[in-house]
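Input: a single structure, listed below in structure tokens.
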Amino acid sequence: MAQFWLAFGFGLVTASVLAIAAVGLSLQFGITNYINFAYGDFMALGAYFTYALNSEFLHLNVWIALVGGSLCMGLLAVLFNHFLLGPFARRFNKTFYVLIVTFGLSLIILNAIYSIWGANVRAYNMKIEQVLHIGPFLLTRNQLIVMAISVVMMLLVHLMLKTTRLGKSMRAMSDNTTLAMTSGIDTRRITTITWFLSGTLAGLAGSVLGITEGNVTPAPGELFLFVIFAAVIVGGVGSIYGAMAGAVLIGLATEISAAFFNASYKLDVAFVILILTLLFRPNGLFARPGRA
Amino acid sequence: MPAFWYYVFTLIFFLFDYFILAMGLNIQYGETGILNFAYIGFVAIGSYVTGAVSLPSSAGTGQQYILGLSLPFPINLIIGGLAASALALFVALITLRRLRTDYLAMVLISLSLVLWDLINNYVRLFNGADGLYNVPEPMASVFKLTTNSFVPFFAGVTAAVALILWFLMSRITRSPLGRTFRAIRDDADVAAALGKGVFRYQLTSMLIGAFYAGIGGGLIIQFGGSFNTSAWLPGETFVIFAVIIVGGVGNNLGLLVGALLVETLLIHLPAFLPDIPGHPELIQYIDAMLIGILLMVMLWFRPQGMIPERVRRSPLLSTFSKSDGQQVVVPTSPSSVMTATDSAALRNVDEKDES
């Protein structure tokens, strides 16, 4: 049982990272209505920006570098949308084209990371932490901070969606872009802001992943992307709250299974959950009607 | 044999192999509109299974793998193709009916990542991260081939296989089956409204495409003698997409041109370029970025590819339009052309030649 609670603690950490990532992906999907296959690489790039600020240029404290790295990624996401994805999405009616472009963008970013930082594993410059015993859990202070960041981000996203004018416009666009446009919402502006938020959350997720794992690699672009997809699909594509719930479910399931089976099959557990969801609730556990 | 000719025949092998792979992805994506981002996974399954059935039993080889049947050349290849199709059947039954394009693409890319992870970790299946090696050179003992003469010989075999598969594929794309595929690609709802079982056709297309993927993968492992997880990272799928999009979606000849351009210029050109001192792998990374940029430029300026899809006009279209009293609007973009001709052709012809 002790082992279960230990794994539960690690699961909460994974779920925290996953929730930030999944909400960022869902926000952007809800507005632009196509999946960003480069999202995992956005995460990796954000993590490397944080690394650059932390260990290469300004030698900032990792938590300050993380804010800077995330915002850089947000700005870069706006540029990607403005010069690449936006034009493709407007020009071609079929989502095929823009999906392939995001797939290509993923390849370009991944190789750009390899060109600049090389294939070696990097680590953030931060203090090595004592492990704290909190009830049945064994966590480092950094992991606790990451969980706190995640909870705060979820609350902020919730408040933004429900109480601000921006959030209201975003929800309107997510429901029906044309109707939102005719109601006087500046859809281009909302799209730009959404990309900024999505990119920032991706960068944040990548950086906190690097902090919790203890190393920075381009791997989120490949394997972690799939775990995000699993969380998003299990929660119901396009639903922000579904994405949060899916992240908790997938995060807990992968870590708890790792404690009892071979840890190398973590991803396969997520995939099995994904397939079961597709078989029995194809629209996700918290689907909104009329989607998927 | 001089190293130069050795290299040329290697290029010829990969040209035709990529042609086969591109044909398989083209029938899924180019003809039927299934965005299969897991394509390289099917290639890998074909490759592993072909290797595993041609190797002798695994005891004493220092490798761990299933099967080990020592099967001779054409049979092992066909089993590899069928194995890839079997995987496609499993995937398609779960996903195709339930998901629209982009969710399907998400699930498929997840599939390829998980398959990669599984084969990497579950060593008993296909020897884990080391992959299969020492796969016997096909027919080498029959024709008394040496390592040197094997390369040109097998490049020729691959070209022959590619031509046979090309012939079969052109039969499929010209048949009512191919026409239905294209109608589904252009508008699945219209095709369904005209009485086509969209799911059944998409499934057929997945199976045919996966078979081609398996054959292409099987040829790779037989040519090189080894195959491991470093050879099929998800980015490889993108290279095959690049071949299709550069060459021309929905055009088999265009695929050969695309394979020539992408494969030869962008993948083998770096071998001739000098390394940047101190950064031995930089060329390779820049090259991968160039493939991505080339594809985006192509998509923007010439989305129909180097050799565009042929406008297929049914001879019945003119009579149909006349009798209807409507003017035939000559459309300009390939996709609207296909909608006009294929829907018309479907209405007119299919009852006759499909029943």
Of residues in the range A:123-140 being under 10 Å from A:GLY9 (Cβ atoms) and not in a loop (DSSP other than H, G, I, E, B), the one nearest to the chain's Cα centre (by Cα): A:LEU139
Any hit, the range B:84-91, residues being in a helix (DSSP H, G or I) and within 11 Å of chain A (Cβ to nearest Cβ): yes
Complete set of residues in the range A:229-261 that are closer than 16 Å to A:VAL146 by Cβ and surrounded by 24 or more Cβ atoms within 10 Å (Cβ to Cβ): A:MET244, A:ALA247, A:GLY251
Single unsatisfied condition, B:ILE94 versus (1) crowded, with 21+ Cβ neighbours inside 10 Å; (2) at pLDDT 80 or above; (3) within 12 Å of another protein chain (Cβ to nearest Cβ): (1)
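Look at the range A:91-134 and say how many of its residues are among the charged types (D, E, K, R) and in contact (Cβ under 8 Å) with a residue 24 or more places away in the chain. Please lay out each step first, then the result.
Initially, the range A:91-134 is screened for residues among the charged types (D, E, K, R), giving A:91, A:94, A:122, A:127, A:129.
If we keep only those that are in contact (Cβ under 8 Å) with a residue 24 or more places away in the chain too, we end up with A:122.
Number satisfying all stated conditions: 1.
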Residue match in the range B:158-176 (condition: surrounded by 17 or more Cβ atoms within 10 Å (Cβ to Cβ) and free of Cβ contacts under 8 Å to residues at least 40 places away in the same chain): no
Scan of the range B:57-74 for residues that are at pLDDT below 80 and either assigned to a helix (DSSP H, G or I) or among the aromatic types (Phe, Trp, Tyr) (or both), ordered by number: B:TYR65, B:PHE73
One residue from A:LEU161, A:LEU156 being modelled with pLDDT of 85 or more, in a helix (DSSP H, G or I) and surrounded by 15 or more Cβ atoms within 10 Å (Cβ to Cβ): A:LEU161
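Is at least one residue of the range B:10-24 within 14 Å of another protein chain (Cβ to nearest Cβ) and in a helix (DSSP H, G or I)?
Pass one, the range B:10-24, residues within 14 Å of another protein chain (Cβ to nearest Cβ): none.
No, the conditions are met nowhere in the range B:10-24.
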Wholly enclosed helices (runs of 4 or more DSSP H) of the range A:1-110 bearing at least 3 residues crowded, with 23+ Cβ neighbours inside 10 Å: A:2-32, A:39-51, A:62-80
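Tell me the residue from B:LEU111, B:LEU77, B:LEU104 that is in a helix (DSSP H, G or I) and within 8 Å of chain A (Cβ to nearest Cβ), please.
Numbers: B:LEU77 fails: within 8 Å of chain A (Cβ to nearest Cβ); B:LEU104 fails: within 8 Å of chain A (Cβ to nearest Cβ).
When all the criteria are applied, what remains is B:LEU111.
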Test: residue in the range A:263-278 that is more than 11 Å from every other protein chain (Cβ to nearest Cβ), small (Gly, Ala, Ser) and touching a residue at least 24 places away in the same chain (Cβ under 8 Å): no
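Taking the options B:ALA162, B:ALA105, name whichever one is within 22 Å of B:PHE238 (Cα to Cα) and modelled with pLDDT of 90 or more. Full working, then the answer.
On the way: B:ALA105 fails: modelled with pLDDT of 90 or more.
B:ALA162 is the lone residue from the list that is within 22 Å of B:PHE238 (Cα to Cα) and modelled with pLDDT of 90 or more.
Name the single residue, out of those in the range A:113-122 being on the phi < 0 side of the Ramachandran plot and more than 20 Å from the chain's Cα centre (by Cα), that is surrounded by the fewest Cβ atoms within 10 Å (Cβ to Cβ). Show your work before the answer.
We begin by selecting, within the range A:113-122, every residue on the phi < 0 side of the Ramachandran plot; these are A:113-117, A:119-122.
If we keep only those that are more than 20 Å from the chain's Cα centre (by Cα) too, we end up with A:114-117, A:119-122.
Working: A:TYR114: 18, A:SER115: 17, A:ILE116: 12, A:TRP117: 17, A:ALA119: 10, A:ASN120: 8, A:VAL121: 12, A:ARG122: 18.
It comes out as A:ASN120.
Just checking, does the range A:183-200 include any residue being in a loop (DSSP other than H, G, I, E, B), within 14 Å of chain B (Cβ to nearest Cβ) and over 14 Å from the mean Cα position of the chain (by Cα)? Quick ask: steps written out before the conclusion?
First, pick out the residues of the range A:183-200 that are in a loop (DSSP other than H, G, I, E, B): A:183-186.
Subsequent filtering for residues that are within 14 Å of chain B (Cβ to nearest Cβ) retains none.
No.
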Among (1) over 21 Å from A:PHE10 (Cα atoms); (2) more than 14 Å from chain B (Cβ to nearest Cβ); (3) in a helix (DSSP H, G or I); (4) more than 18 Å from the chain's Cα centre (by Cα), the one test that A:ILE256 misses: (1)
Tabulated pairs, the range B:118-140, first farther than 17 Å from B:GLY224 by Cβ and more than 11 Å from every other protein chain (Cβ to nearest Cβ), second outside any helix (DSSP H, G or I) and aromatic (Phe, Trp, Tyr), C-beta under 8 angstrom, 6+ apart or interchain: B:ARG124/B:TYR65; B:LEU125/B:TYR65
Any pair with Cβ under 8 angstrom, 6 or more apart, that starts in the range B:211-239 at a residue that is away from every other protein chain (no Cβ under 14 Å) and ends at one that is assigned to a loop (DSSP other than H, G, I, E, B) and among the small types (Gly, Ala, Ser): B:SER226/B:GLY131; B:PHE227/B:GLY131; B:ASN228/B:GLY131; B:ALA231/B:GLY131
Matching residues in the range A:201-228 - criterion: being surrounded by 24 or more Cβ atoms within 10 Å (Cβ to Cβ) and away from every other protein chain (no Cβ under 14 Å): A:LEU201, A:ALA202, A:GLY203, A:LEU204, A:ALA205, A:GLY206, A:SER207, A:VAL208, A:LEU209, A:GLY210, A:ILE211, A:VAL216
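The values are calculated or read from the model by the stated rules, or taken from the named source; none is laboratory data. These figures come from a predicted structure and were not determined experimentally. Glycine also receives a Cβ, built like all others from the backbone with ideal geometry; neighbour counts cover every protein chain displayed.
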